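First the structure, in the form of structure tokens, and then the observations on it.
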Amino acid sequence: MRLPKLRELKEAITAVLRGPYTARFPAEPTPLPEAFRGQPVFDEDECVGCGACYEACPPDAMDLVDDVEAGVRRITIHLDRCIFCGQCEANCITEKGIKLSNHYDLATTDRGELRESVEKALLICESCGEVIGPRDHVRWVAERLGPLGFANPTLLLTAMEDLDAAGGVPTPSAHLRRGDKLRITCPKCRQVTSLLA
Ligand code: SF4
Ligand code: SF4
């Protein structure tokens, strides 16, 4: 009977000397482990708006909306549905577009505050108004393809626009013609210029 009591006394003294095991949050920030997964945050300069993170998100915590009128793709994370799994970061095609941060203090009474979003300018078909994709994504693909990208008129034109060398591109006509091949067109409209016009 005596031995266990001595052991408990030793443990009690050790605990008093060592201090509390619990963190003093919210009075002080909680120390975080190295691989902590907190709020995902977009990097607007590195994200190209491809939507791979949206496709990979297991609990469907992200929205992807193409606002054709405003000419932007908007990707929004609903942090109240996020499970901080890190699949968005793991599947980001640029590997830098989204990162899980150390931010964990998300408590709020207003769910509307629990949003993280990014907007990217859209490339839209000049003929039918169909969304081709975010401009930055098209540029990213063109960079990866290098000279091979010149085989695709949309990639070529986007690269020419970036070089301010696309002044000779024909203006859109009422009906697609072969001359419209070198315009920013979606795959469907390009097929028309190749096969039917
Ligand atoms: S951390 Fe997981 S749940 Fe949260 S947005 Fe990224 S993929 Fe979705
Ligand atoms: S670049 Fe990365 S962060 Fe941006 S939409 Fe694509 S996968 Fe998501």
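Every number in this text was worked out from the coordinates using simple rules, so none of it is lab data. A quick note: this is a predicted structure, and the numbers were derived from the prediction, not measured. Glycine also receives a Cβ, built like all others from the backbone with ideal geometry; neighbour counts cover every protein chain displayed.
Figures for the structure shown
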{"quantity": "Scope region 31-62; condition more than 9 Å from ligand 1 (Cβ to nearest atom), more than 8 Å from the chain's Cα centre (by Cα) and surrounded by 14 or more Cβ atoms within 10 Å (Cβ to Cβ); matching residues", "calculated": "PHE36, GLY38, VAL41, GLU46"}
{"quantity": "Residues of region 51-106 satisfying the condition of being of a type in the set (S, T, N, Q) and in contact with a Cys (Cβ under 9 Å, 6 or more places away or on another chain)", "calculated": "GLN87, ASN91, THR94"}
{"quantity": "Residue under evaluation GLU55, criteria (1) farther than 21 Å from VAL138 by Cα; (2) in a helix (DSSP H, G or I), criterion not met", "calculated": "(1)"}
{"quantity": "Selected residue (only one of VAL131, VAL118 is closer than 25 Å to ASP67 by Cα, among the β-branched types (Val, Ile, Thr) and more than 12 Å from ligand 2 (Cβ to nearest atom))", "calculated": "VAL131"}
{"quantity": "Long-range neighbours under 6 Å by Cβ, at least six apart or interchain, first residue farther than 16 Å from ALA56 by Cα and in contact (Cβ under 8 Å) with a residue 40 or more places away in the chain within region 87-104, second part of a loop (DSSP other than H, G, I, E, B) and within 12 Å of ligand 1 (Cβ to nearest atom)", "calculated": "SER101/GLY38; SER101/GLN39; ASN102/GLY38; HIS103/GLY38; HIS103/GLN39; TYR104/GLY38"}
{"quantity": "Matching residues, region 55-105, being touching a Gly at 6+ places or on another chain (Cβ under 8 Å) and farther than 14 Å from VAL41 by Cα", "calculated": "LEU64, VAL68, ARG73"}
{"quantity": "Some residue of region 3-26 being over 16 Å from the mean Cα position of the chain (by Cα), assigned to a loop (DSSP other than H, G, I, E, B) and among the aromatic types (Phe, Trp, Tyr)", "calculated": "yes"}
{"quantity": "In region 75-121, the residues that are assigned to a strand (DSSP E or B) and buried (at least 16 other Cβ atoms within 10 Å of the Cβ)", "calculated": "ILE75, THR76, ILE77, HIS78, ILE98, LYS99, LEU100, GLU116, VAL118, GLU119, LYS120"}
